[in-house]
1. About the Cα centre of chain A, what is the dipole size in debye to 20, counting +1 per Lys and Arg Cβ and -1 per Asp and Glu Cβ, all else neutral?
2. Quick one: 3J(HN,Hα) in Hz for region A:10-19, Karplus 6.51/-1.76/1.60 with θ = phi - 60°, rounded, Gly and Pro as x.
3. Once the convex hull of the C-alpha atoms of region A:116-176 is built, how many Å³ does it hold per residue, rounded to a whole number?
4. May I ask for log10 I(q)/I(0) of region A:75-263 at q = 0.12, 0.14, 0.20 Å⁻¹, from a Debye sum over the Cα atoms as equal point scatterers with solvent left out?
5. How much accessible area is lost when chains B and A come together, counting both sides, with a 1.4 Å probe, in Å² rounded to the nearest 100?
6. Quick one: Kirkwood hydrodynamic radius for region A:138-204, alpha-carbon pairs, angstrom, one decimal?
7. Just to check I understand the Karplus step: with θ = phi - 60° and J = 6.51 cos²θ - 1.76 cosθ + 1.60, what whole-Hz values come out for region A:194-209, glycine and proline as x?
8. So, for the protein assembly as shown, what is the accessible surface per residue at a probe of 1.4 Å, expressed in square angstrom?
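The values are calculated or read from the model by the stated rules, or taken from the named source; none is laboratory data. Predicted model, so just to flag it, every value in this text is computed and none were measured. In this analysis, Cβ positions are derived from the backbone assuming ideal geometry, glycine residues included, and neighbour counts consider all displayed protein chains. Just so you know, the surface numbers come from the protein's heavy atoms only, side chains and all, with ligands and any DNA or RNA stripped out. Shrake-Rupley method; radii C 1.70, N 1.55, O 1.52, S 1.80 Å.
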Amino acid sequence: MSLERKDDHDHGGWMKSRELSPVERGYLTVLIWLDKRLRLVDYLEILEDLYYKANLQMPKSHTEQYNLDNKFWYWYPLYALGSFSTIAYVVAAISGALLGFYYSPSTAAAGAEGSATVAYASIDFIMTELNFGFLLRSLHRWSAQVMVAAVFLHMLRVYFTGAYKEPRELNWILGIVLISLTMVFGYSGYILTWDQLAFWAGQIGVEMSLSIPLAGEWVAQLLFGGFSLSQSTLQRFYILHVFFLPFITTTLIAIHIGIVWMQGIAEPH
Amino acid sequence: MAPSDETDEEVRADGTGIVPPDDETPTWGERKARSQGLSRLTYEYFERSRREDQDLRMESSYVERDVLGFPTWPHEMIRNLAITSFFVGMMIFLAATLPPHIGAPANPSQTPAVILPDWYLYWSFGLLKLGPLNPDLAILGGQKLMADRTYGVLANLVVVGFIAIVPFLNKGSARRPVEQPFWAAVGVFGVVFSITIAALSVKNLVPMDPHLLFDLTFLLPPVAGFIAYAVLRTMREGYMFELNRRYYRLRPPK
């Protein structure tokens, strides 16, 4: 009796019996190897099922059904705002990751004169000395601005076409959460430059959180690390901006788009 | 399992033996049907809704496509690629032509004359300046119920909360603004208010009397909303006329 495991379904023989190109053979070998270990077939079936549900059973669109001569093509750009904000989010994520190589969230004095902090000096370095650094920061900032603008306009489009109605209420609320997260993203990034505007916008943030009834002091300490701006404020906003918010926002965007996929686009009526 | 099977192979109790299904092994469908309590309810509900869907499908005259939209490759992919490159190119163009500004380094001992958040937070910043609207109660001897700052933060929560519950206030199948003039007018009110409150938040920079600006902040939105309502109500007459004409042309009255 051989100790070698039997190939129960004779995958090897099956592959030999067919004329396969090297690419096909390599692909099948990897697929069979993974499938033996991870039962990929089950998941592929689910994916296949989803694909055919989404693409092959598409009912006639509103224009086709009522023969409206495709009169509303000029509204289509408004229906691209959601994907536009997603694209801007991806661009901001990539340029932000590259910026993160050069940025350090520290309020220690950078030079002997002691006026500028290390955080400010690292942005100064990115903008004046780093190759393409100016473009990188500009791109990050503009993709963030564009994302916020697109998200606002997307919300208006959804509101004025009544696309939030049953069965899409949950996705509307998820969208409110996402637009808030986008603004927190923007605010936390605004703080990171640690220039005069950033510092005093942070000061307003501390006062705002202190004004929250009952939980104010707790919120201020959690978010800002104290009642006045310091190293811990910058550190916290940095971690918020590059760790917590990306994870949360990416997950929620995936769920948001997944629900749109399941429910279909709310067509204009 | 038959007794003869048990004799020629010893029973393994470590869970490694694979027992082939025989006639008495319940299928997954039967297992679900036999279950108790909440899982039984879930099963019954799903079976019911599946049957309802099937009935609806059978009796509807809805035409389903046999072949279906464009293939993902190459049509959809090329279109998506074109749209994506256009948008990304637009952002790179903006980034190249309008580079960002960086101010003087942070100085805790010197408050600048103008403190501003980014533009998309102006509305929230403006809601913090609603102090003059915070009522002072005669019972409290002219004292305010809450500090102006608390009032501003609560105003933010009220605005966001109202937007969140809109789907539960406005129901029905109306979609276009002409079909629901009131809610479209509410939307116009909101848009104009977000702009005026943003202008109020930067009142230092707006060349206008601050009192006039404050009054306009709360006067303009209702006016705009009212105009939108009037216009849409007027448009609705013509819209319904068109809709009815199309309907009766398709299905002439007997």
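1. It works out to roughly 160 debye.
2. 6, 4, x, x, 4, 5, 5, 6, 10, 8
3. Normalising the Cα hull of region A:116-176 by residue number yields 104 Å³.
4. -0.67, -0.87, -1.35
5. The buried area between B and A, both sides summed, comes to about 6200 Å².
6. When all Cα pairs of region A:138-204 are included, the Kirkwood radius is 13.5 Å.
7. Whole-Hz 3J(HN,Hα) from phi for region A:194-209: 6, 9, 4, 4, 4, 4, 7, 5, x, 4, 4, x, 4, 5, 4, 5.
8. I get 66 Å² per residue for this part.
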